[in-house]
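The values are calculated or read from the model by the stated rules, or taken from the named source; none is laboratory data. Source: prediction; values computed, not measured. Glycine gets a Cβ as well: all are built from the backbone with ideal geometry, and neighbour counts include every protein chain shown.
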């Protein structure tokens, strides 16, 4: 119990990106016909989701001030949006892989609740704060998780629509509004990040994995658009705006595709050219998620726009996503193991020192 309390005290708020990455990879696996792998990743994701919420509960109960300080921080606060995205991605994963909508509905309701609390707590705090960091210090790729979280709510909502026909057009209207809100958040935040990239100093050590969300946020935006397009026949509203949706979705997919070579080049520049060491950190899941999400979104876009030649891209990207996931997962297991061994040795030494000498 003491070990879990230690993990909870130092829990990185964006660790739910592991659930996001695993869910996106599971959905991609299912689309590409690897159904057994999709099932295994689903079971793993349910367990990870439960563990992470257990640790978050322990943190909330024992370290509420520290959690609130993280939530209202310019640099750390955006990581809390991974709780929203992970909740909704898991719900989408359940629908795609198992066809089950009961648990997915409750996850969607929880995701909306978390979205409202985190969205307005974080943006209120960073707006009214008297002492603010500069753009150089305050902005990073993690801010785009706000857009990712918003799009995840839209996707799960529209996926639930066939199972909730009694909702009428309200659910579709809500999903469309969340999709456009996510687009607005992406376009607003990416402008600041692009300015940061091109006009302010960017040391290679500062090019952390969350900058891959530059692409991941556009990938999930494309997936949200494609999902809406696939349900055009179910809603007069979607039918009315379908030409706009198709163009807008393709626009975001093209933007996400543009980011991929640049991000690989910058990763090479950081780790190969400058020899910055590879070492595990939870932020690496912020790189795996975009790769897996781009795979899933491109597949759905190919289906939604009837562009079968596009399916060659996710067939190749899937293996890149899978290899990345395995490498980071092994790094996470090693990290947890060494933390446990360090804790175990410390406990043994303290216990030995506390025993009275004979």
Determine which member of the set 11, 55 is in contact (Cβ under 8 Å) with a residue 40 or more places away in the chain and either in a helix (DSSP H, G or I) or within 14 Å of residue 325 (Cα to Cα) (or both). 55
Residue satisfying condition, being within 29 Å of residue 175 (Cα to Cα) and surrounded by fewer than 24 Cβ atoms within 10 Å (Cβ to Cβ), within set 49, 16: 49
Does residue 262 satisfy being part of a helix (DSSP H, G or I) and surrounded by fewer than 18 Cβ atoms within 10 Å (Cβ to Cβ)? yes
Hey, can you tell me all the residues within the stretch 191-229 that are within 20 Å of residue 181 (Cβ to Cβ) and surrounded by fewer than 16 Cβ atoms within 10 Å (Cβ to Cβ)? 191, 192
Can you tell me which condition residue 151 does not meet? The list is (1) surrounded by fewer than 20 Cβ atoms within 10 Å (Cβ to Cβ); (2) closer than 18 Å to residue 229 by Cβ, and all the others hold. (1)
Counting only residues that are touching a residue at least 60 places away in the same chain (Cβ under 8 Å) and more than 18 Å from residue 26 (Cβ to Cβ), how many does the stretch 80-122 have? 4
Just to be sure before I move on: is residue 171 touching a helix residue (DSSP H, G or I) at 6+ places or on another chain (Cβ under 7 Å), in contact (Cβ under 8 Å) with a residue 24 or more places away in the chain, within 22 Å of residue 240 (Cα to Cα) and assigned to a helix (DSSP H, G or I) in the structure I sent? no
Here is a check on your reading of the model: is residue 94 in contact with a helix residue (DSSP H, G or I) (Cβ under 8 Å, 6 or more places away or on another chain), surrounded by fewer than 20 Cβ atoms within 10 Å (Cβ to Cβ) and either under 19 Å from residue 157 (Cβ atoms) or at pLDDT 95 or above (or both)? no
